[in-house]
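Report on one structure; see the data block that follows.
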Amino acid sequence: MKTVKIGVLGFGTVGAGVVEGILKNSGLIARRTGFLPVIGKIADLDIKTDRGVNVDAALLTTNALTVIDDPEIDIIVELIGGIKPAREFVLRALKNGKPVVTANKALLAEAGRELFEASVGSGAGLYFEASVGGGIPVLRALRDGLVGNQIKSIYGILNGTCNYILTRMEREGLDFDTVLADAQKLGYAETPPDLDIDGIDTAHKAVVLASLAYGAPVPMEAFTIEGIRGLSHREIEYAAELGYRIKLLAVIRQVNGEVEMRVEPSFVPKKHLLASVNDAFNAVFIEGDVVGSTLYYGRGAGRLPTASAVIGDIMEAAAGGGGRSAWLLQNKSLPVCKAEDISIRCYLRLSLKDQPDVIAKVAHVLGKNQISIASIMQKEQNAGEQVPVVILTHKALEKNFASAMAEIERLDVVDGKPVRLAIEDFE
Ligand code: HSE
């Protein structure tokens, strides 16, 4: 039986989970794969904090380079997160011909091409299943099971923290900050949590999915990214009343030879499977031209689910083969549809003066901008009070919505900033 020595960089939540998983199941893994995984060294700036796993103190170091450059270490597992110093460490390992397993979606999204080129250059594989969807083996599904398909669309609930917050806000009527604090306690959220709640973490994962689906890294600047910060209860309540649930959705679609991408809180019809994905769970709905619709579901955040994906990659790296980095470099770049040219349906909530001709004024602006109303709801208020009006539209171009909303906000009968959210019908 061959022993595979693993060097872990980053002994935080996931790093400790990987060590725990390997200590627990190494015998089982060895019987299944023929390789016995052994923790060779662990590097972290903080080697004093108790991580809740039993490791020999002699394995711990504060110097990551002594792990990367150790000829006894077969595989590097990068769990530091972020760009600096993770990028340098991963590049160094790859250039030295050492396979790297990473969960670092930010690094892949921001510096993917450079890393994949280094991997192809040296022949050392770069494995990154844990970067998207935590414990869900969705990248393997895209790469292996769906290899015979053109990918028509991918819809993902990719951030456990946001999904947990939205679920509890809806279910328990709690406010945003209270639930965010709980998500942090449970170890779901990034540090700081801005990456989660502003949609950046979801966007990083969407870039990885799109890169695999279409064979080239997609720049982050190429698409709309909005998170759930500031989302009001009123939207959650109106969505429920109208037969929808709000989810932070990554949408990746191939339309007329271009890739359409966006990350934003979106109305999802309650009858769609993704509307039932709750708490910290993630799900990815993929449509291929041969297979049709497929759904992948599981725990998208947390210590052991992410560790499960990392261990899967370690064992793939141990078996060799050099990974699939060339797959990510099939195309020089992708034709990405400009955000303003994407056609979507929207939910609008306006606070209007309750007086004659007000709806006509709003309808006029929408009509002028080629936006057609699908439904409109106004509930009676006491005389003299502002009245909330909720409009669901048919599909229209993003740029038309932007210009209509700016115009509506300037109307003297409109109070405050109108709210606009996307509606996803999965067509
Ligand atoms: N902060 C991330 C989430 C963890 O909440 O989904 C996994 O990437």
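Here are a few things to note about the model shown:
For (1) in contact with a strand residue (DSSP E or B) (Cβ under 8 Å, 6 or more places away or on another chain); (2) buried (at least 23 other Cβ atoms within 10 Å of the Cβ); (3) on the phi > 0 side of the Ramachandran plot, each residue gets a yes or a no:
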{"position": "Gly243", "(1), (2), (3)": "yes, no, yes"}
{"position": "Ala250", "(1), (2), (3)": "yes, yes, no"}
{"position": "Gln254", "(1), (2), (3)": "yes, no, no"}
{"position": "Glu258", "(1), (2), (3)": "yes, no, no"}
{"position": "Ser266", "(1), (2), (3)": "yes, yes, no"}
{"position": "Lys271", "(1), (2), (3)": "no, no, no"}
{"position": "Asn282", "(1), (2), (3)": "yes, yes, no"}
{"position": "Gly288", "(1), (2), (3)": "yes, no, no"}
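- Note on the range 129-161: residues that are within 16 Å of the ligand (Cβ to nearest atom) and part of a helix (DSSP H, G or I) total 7.
- Leu348 vs. criteria of a type outside the set (D, E, K, R) and at pLDDT below 95: no
- Those helices (runs of 4 or more DSSP H) lying entirely in the range 188-303 with at least 3 residues over 18 Å from Leu421 (Cβ atoms) and within 16 Å of the ligand (Cβ to nearest atom): 194-197, 200-214
- Residue count, the range 172-182 (criterion: more than 16 Å from the ligand (Cβ to nearest atom) and free of Cβ contacts under 8 Å to residues at least 40 places away in the same chain): 4
- Check on Leu126, under 20 Å from the mean Cα position of the chain (by Cα), more than 15 Å from the ligand (Cβ to nearest atom) and crowded, with 24+ Cβ neighbours inside 10 Å: yes
- All of Lys48, Lys5, Lys41 fail the test of being more than 22 Å from Asn104 (Cβ to Cβ) and over 27 Å from the mean Cα position of the chain (by Cα), apart from Lys48.
The values are calculated or read from the model by the stated rules, or taken from the named source; none is laboratory data. Treat the numbers as computed from the prediction; the structure is a model and nothing was measured. All Cβ positions, glycine included, derive from the backbone under ideal geometry; neighbour counts span all protein chains shown.
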